[in-house]
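First comes the structure, then the notes that go with it.
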Amino acid sequence: MFDRMGEHRRSRVRIGKAELGALFKSLQKQLFSRQGIPYVQFLVAVIMRYPRMLPDAVRLAIIGYHLERVSREIFTPKEFASE
């Protein structure tokens, strides 16, 4: 995806306290989830190839994690209450 954006693409996000907090929360939650290893591989690939895009990559990873969790909750068969 980042290949299609071009080499000169830069993130418009300035990195501040809130962004660093989001990064650490993301690392804390996602490293110990099912996606832990692929998440680290994704971040390393972004840092190596597109370091300026790291804030956008973390944002997209957080959104993806949220969508995966919500989808799993919606589509997991629930126990039916016996009447």
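Highest mean first, what order results for 52-61, 14-23, 30-39, 67-76 on Cβ atoms within 10 Å?
Numbers: 52-61: 17.9, 14-23: 11.3, 30-39: 13.7, 67-76: 9.6.
Output ranking for 52-61, 14-23, 30-39, 67-76: 52-61, 30-39, 14-23, 67-76.
At a threshold of 8 angstrom on Cα-Cα distance, excluding pairs fewer than six apart, so keeping six or more, what relative contact order does region 15-75 reach in percent? Spell out each step's value before the answer.
Values: 20 pairs, mean separation 17.6, N = 61.
Relative CO of region 15-75 lands at 29 percent.
Since every read-out is calculated from the coordinates, none of them should be taken as a lab result. Everything numeric here is computed off the predicted structure, so don't read it as measured data. Reconstructed Cβ throughout: ideal geometry from the backbone, glycine too, with neighbour counts over all protein chains shown.
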